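A quick write-up on the structure given underneath.
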Amino acid sequence: MKMSENNDFIQLPPIKKDTPSEVVSMIWQYLKLPEESRKRVKAELINVHENCGKEDFQIPNLYDIVSKEEIAEFEGIMRKIITGIISEASGIATWVYVQKYEKHKTLDEMLQEWQGADQFIIVMDTWFEKLMAE
């Protein structure tokens, strides 16, 4: 792995093409962690690998790596982001429905009226067409 001095990019080394995508994803996420966190995660993984078969082995407490507060803060932020995305998507879907079926606008008219939401308007228009055809 190579990182620039200011960590503005990550370059993975060559990986076998039959490597499961989940493994590649985990490597990618691991490499995006700050160096100190990577050291702690790596130490825990080594500990699990070397000791998991032993009778007295205890599963590591993940909160030793990341605090409960940090996890709760991350979860709260993600909930707000996901809620915002769902709310915005619902709003656009409702707008497309009203424009299409109540105001009888064409797809081109909707695309002209709300530029920047082109792809979502096209998807919703197509989806409504399919639903109404059933």
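When +1 charges are put on Lys and Arg Cβ atoms and -1 charges on Asp and Glu Cβ atoms, the dipole computed for the chain relative to its Cα centre reaches about 260 debye. At full extension, Arg40 and Gln115 could sit 22.3 nm farther apart than now, given 0.36 nm per residue minus the alpha carbon distance.
When you restrict to C-alpha pairs under 8 Å that are six or more residues apart and normalise by the size of the chain, the relative contact order lands at 11 percent. For the pair Thr94 and Lys32, a Förster radius of 35 Å applied to the C-beta separation gives a FRET efficiency near 0.45, rounded to the nearest 0.05. Rounded to the nearest percent, how much of the accessible area of the chain (1.4 Å probe, protein heavy atoms only) is carbon and sulfur? Heavy-atom surface of the chain belonging to carbon and sulfur, 1.4 Å probe: 57 percent. Each helix, a run of at least 4 DSSP H residues, gives -39500 (n - 2.57); summed and divided by the residues of the chain, these come to -20500 deg cm²/dmol at 222 nm. Shape call for region 43-109 from the C-alpha gyration tensor, a ≥ b ≥ c root eigenvalues: rounded (a/c under 1.5), prolate (a/b greater than b/c) or oblate? Prolate.
On a 29 Å Cα-Cα criterion, which of the cross-link pairs Lys103/Lys130; Lys80/Lys130; Lys80/Lys103 come out too long? The answer is Lys80/Lys130; Lys80/Lys103. Taking a ≥ b ≥ c as the square roots of the eigenvalues of the Cα gyration tensor, an a/c ratio of 1.5 or more together with a/b no larger than b/c marks region 15-67 as oblate. Working value for region 1-126: equivalent-ellipsoid semi-axes of 46, 20, 15 Å, each the square root of 5 times a Cα gyration tensor eigenvalue, largest first. Taking label points 7 Å from Cα along the Cα-to-Cβ direction, Phe128 and Glu69 give a separation of 4.9 nm. The 3J(HN,Hα) values that the Karplus relation (6.51, -1.76, 1.60; θ = phi - 60°) gives for region 75-84 are, in residue order, 4, x, 5, 4, 4, 5, 5, 5, 4, x Hz. Gly and Pro appear as x. Only lysines eight or more places from Lys42 in sequence, or on another chain, were considered; those with a Cα closer than 21 Å are Lys2, Lys32, Lys54, Lys68. A probe of 1.4 angstrom, applied to the heavy atoms of all protein chains, finds Ile86 with accessible area near 100 square angstrom.
The values are calculated or read from the model by the stated rules, or taken from the named source; none is laboratory data. Note that this is a predicted model, so its numbers are computed, not measured. We place every Cβ from the backbone using ideal geometry, glycine too, and count neighbours over all the protein chains shown. With ligands, DNA and RNA removed, areas are computed over all heavy atoms of the protein, side chains included. Shrake-Rupley method; radii C 1.70, N 1.55, O 1.52, S 1.80 Å.
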